[in-house]
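A.B. asks: Pasting a structure below so you can have a look.
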Amino acid sequence: MISVIGYYTTQFGELWEKSLSDLIEEAINGVLKNTGLDKREIDAIFFSNMLAGVLENNLHTPSKIAEILGVNIPIFRVEAACASGGVAFHLAKIYLESKSSKTVVVVGAEKMTDYSPEETTSALASAASGEEQEAGLTFPGLYAMMANYYLQKYLCTEEDLAYVSYKNHYHGSLNDKAHFRKIISVEKVLNSPYVAYPLKVLDCCSTSDGASAVILTNNNTITKKSKRFVNLLASEVATDTISLKERKRLDEVLTTKIASDKAFVAGKVNRKKINVAELHDCFSIAEVIAMEDLGFWKKGEGGKLIKELSTMHGSNSELIINTSGGLKASGHPVGATGIKQIGEIYLQLTGQASNRQVKNAKYGLAHNVGGSGGTAVVTILGC
């Protein structure tokens, strides 16, 4: 059995005083300290990052990590746009399945705020198709197309979408590592300026700096010594077209449906057993569609159901969504996001989530998406 035995995350935000290397070093040393392991007990490292090669002219980061830590173990860099963290975690799982009694670190990190909005937006757009880039489409524009289609097809409103941001900012106010810890009202979301109709500033996640790390092991001796661990039940990846125009439907992300269906089968877990989930809410519409594609809500009902706030901490629901604040409030340093999502589930299942703890959480799910849905990773943990 593969287990997650530790987690650490840096602060997410505008961390101008810290370099990418600083963040990586803090995250790895932090997770080692939290688990009581020495770096000599780590057999491999999987590093998730999207933008360093574009923004910083900084590649060959595995060798830099080896230099930082003073190790000579295998280190792998993984890039899958905003799903880089989830894919890195998935590859770490495959590594452990092929070897016995091994322990690995999965770390994700990103520096985004040291650059102008134009530079960062252009770099992020590299995860879209060439045609979309030539047309001037950025990801707010692509998700706005999905939002327009969804709202018109299912007779939903911009106010419905605003409840996603309202809920997740409330959760972010409970997370001391979140980029934004301020509660916002539905009215404030609706009154914020449009970025790409119908999505407004407060429908969109921010660019952030940060790093997160988890430790995975199939070494029973190390697992037994761990104070807190959860079992990795499933990790599944699906890939679809990079171009939105090539998709059969605009009101779903097919990769999410495929990856989740496989994960629930592989993990032998019924959807109704999931108590807490971290979903990829890069835009408010993304969480609504994800709830449907994951099978938690029926297609077309999400726009109305989100207003009931049944997935908000403190409700009587058996499923609470984005307790970390999601990408919306916690922040979105793209290479770190997928790891942070899994780390939040780890905290919840081990009872370490402090004032945002979901009672009696036994099963959790993390959902990480790259681009406009070209890649999706669904991970299920249980205790």
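A.B. asks: Evaluate the following for SER19: is it surrounded by 18 or more Cβ atoms within 10 Å (Cβ to Cβ), touching a residue at least 24 places away in the same chain (Cβ under 8 Å) and not acidic (Asp, Glu)?
C.D. replies: Here the answer is no, as SER19 does not meet what is asked.
A.B. asks: Another question, then. What are the residues in the stretch 51-88 that are more than 24 Å from PHE139 (Cα to Cα) and in a helix (DSSP H, G or I), if any?
C.D. replies: Answer for the stretch 51-88, where residues must be more than 24 Å from PHE139 (Cα to Cα) and in a helix (DSSP H, G or I): THR61, PRO62, SER63, LYS64, ILE65, ALA66, GLU67, ILE68, LEU69.
A.B. asks: Which one of these is farther than 22 Å from LEU232 by Cβ, surrounded by fewer than 16 Cβ atoms within 10 Å (Cβ to Cβ) and at pLDDT 95 or above: GLU41, GLU67?
C.D. replies: Criteria check complete, one pass: GLU67.
A.B. asks: Let me ask you something else. Looking at SER310, SER260, can you tell me which residue is assigned by TED's automatic domain parsing to the domain that holds THR375, hydroxyl-bearing (Ser, Thr, Tyr) and crowded, with 24+ Cβ neighbours inside 10 Å?
C.D. replies: Only one candidate qualifies: SER260.
A.B. asks: Give the stretch 314-346 a look and list any residue that's aliphatic (A, V, I, L, M), touching a helix residue (DSSP H, G or I) at 6+ places or on another chain (Cβ under 8 Å) and either part of a helix (DSSP H, G or I) or on the phi > 0 side of the Ramachandran plot (or both), or say none.
C.D. replies: Hits for the stretch 314-346 are LEU327, ALA329, VAL334, ALA336, ILE339, ILE342.
A.B. asks: While we're on this one: Might you check whether a residue that is among the small types (Gly, Ala, Ser), out of contact with any strand residue (DSSP E or B) (no Cβ under 9 Å at 6 or more places or on another chain) and under 29 Å from LYS111 (Cβ atoms) occurs anywhere in the stretch 179-193?
C.D. replies: no
A.B. asks: Would you confirm whether or not the stretch 201-217 contains a residue that is surrounded by fewer than 18 Cβ atoms within 10 Å (Cβ to Cβ) and touching a Phe, Trp or Tyr at 6+ places or on another chain (Cβ under 7 Å)?
C.D. replies: no
A.B. asks: While we're here: If you take the residues in the stretch 23-51 that are small (Gly, Ala, Ser) and over 18 Å from the mean Cα position of the chain (by Cα), which one is farthest from HIS332 (Cα to Cα)?
C.D. replies: GLY36
A.B. asks: So, in the stretch 284-307, of the ones that are assigned to a loop (DSSP other than H, G, I, E, B) and of a type in the set (Gly, Ala, Ser), which residue ends up surrounded by the fewest Cβ atoms within 10 Å (Cβ to Cβ)?
C.D. replies: Only one residue fits best here, namely GLY300.
A.B. asks: When you go through ALA234, ALA263 one by one, which is the residue that is out of contact with any Phe, Trp or Tyr (no Cβ under 8 Å at 6 or more places or on another chain), at pLDDT 95 or above and either in a strand (DSSP E or B) or of a type in the set (A, V, I, L, M) (or both)?
C.D. replies: ALA263
A.B. asks: In the stretch 118-160, which residues are surrounded by 20 or more Cβ atoms within 10 Å (Cβ to Cβ) and among the aromatic types (Phe, Trp, Tyr)?
C.D. replies: Selection gives PHE139, TYR143, TYR150.
Residues checked against (1) in contact (Cβ under 8 Å) with a residue 24 or more places away in the chain; (2) of a type in the set (Asp, Glu):
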{"site": "ASP281", "(1), (2)": "yes, yes"}
{"site": "SER317", "(1), (2)": "no, no"}
{"site": "ILE320", "(1), (2)": "yes, no"}
{"site": "THR323", "(1), (2)": "yes, no"}
{"site": "ILE342", "(1), (2)": "yes, no"}
{"site": "SER354", "(1), (2)": "yes, no"}
{"site": "TYR363", "(1), (2)": "yes, no"}
{"site": "VAL369", "(1), (2)": "yes, no"}
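A.B. asks: Working only within the stretch 196-208, note down all residues that are more than 12 Å from HIS169 (Cβ to Cβ) and not in a loop (DSSP other than H, G, I, E, B).
C.D. replies: ALA196, LEU199, LYS200, VAL201, CYS204, THR207
A.B. asks: Right, next: In the stretch 242-261, how many residues are among the charged types (D, E, K, R) and under 19 Å from the mean Cα position of the chain (by Cα)?
C.D. replies: So the count comes out to 3.
A.B. asks: Could you list all residues from the stretch 347-360 that are buried (at least 19 other Cβ atoms within 10 Å of the Cβ) and part of a loop (DSSP other than H, G, I, E, B)?
C.D. replies: THR350, ALA353, VAL358 - these are the residues of the stretch 347-360 that are buried (at least 19 other Cβ atoms within 10 Å of the Cβ) and part of a loop (DSSP other than H, G, I, E, B).
The values are calculated or read from the model by the stated rules, or taken from the named source; none is laboratory data. None of these values were measured; they are calculated from a predicted model. Cβ: placed from backbone, ideal geometry, glycine included. Neighbour counts: every protein chain shown.
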